[in-house]
Amino acid sequence: MNANRKSSSIGAMAIVLCLSVCGGLSACGGKEVNFSSGGMQQTQKIGKDSVPSDLSGLVYPGATASGSQSAKAEDKEVTDESQYLQLSTQDALEKVSAWYGETLKNAGWNIEKKETMGNMVTISGTMKDSEVSVTIADDSGNTSILITKSTSVGVGAVPDEGDNENYKPNKDVPPTD
């Protein structure tokens, strides 16, 4: 993950956490908040209409959306975008996990890791310039789902894994130790 994508991911997660702790968007008087910070355009939404169009195909059937966060940074050479979506369902963790494993695979994602830790499953994958992570957790009879997708496109963006074998340092991507 390049520094811009990592920075945008951390920034967006911090905003989600901050707004959640501070009473969410209701404290701001609405269902959507848009603002710019650190060269990034941020959008946070709550409720059933909060699903970003890019993530609509990853909404578990019958799940309820509680909120989303989108962050996009553009400069002359690179566009970084991160999206987060929080869902919940009453279906069992195992059923939800199986659905996401199949859905991501069928959508063309290269599943790189599926990890189970107690009552939580994380599925991570890549496709072209994007990374996705789905975290599914048993939450006292409900199943919580957090979908994270990040994309970085342009000069200096993280190349596809196959391109790494033919990596040649240049002024935009210098050699590292």
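Observations, loosely collected:
- Contour minus Cα-Cα distance for Val153 and Met127 (0.36 nm per residue): 8.1 nm
- Highest-first arrangement of 36-43, 62-69, where packing means the average Cβ count within 10 Å: 62-69, 36-43
Quick note: the coordinates plus some simple rules give every number you see, no bench work behind them. Computed from a predicted model, the values in this text were never measured in an experiment. For neighbour counting, all protein chains shown are included, and Cβ atoms are generated from backbone atoms with ideal geometry for every residue, glycine included.
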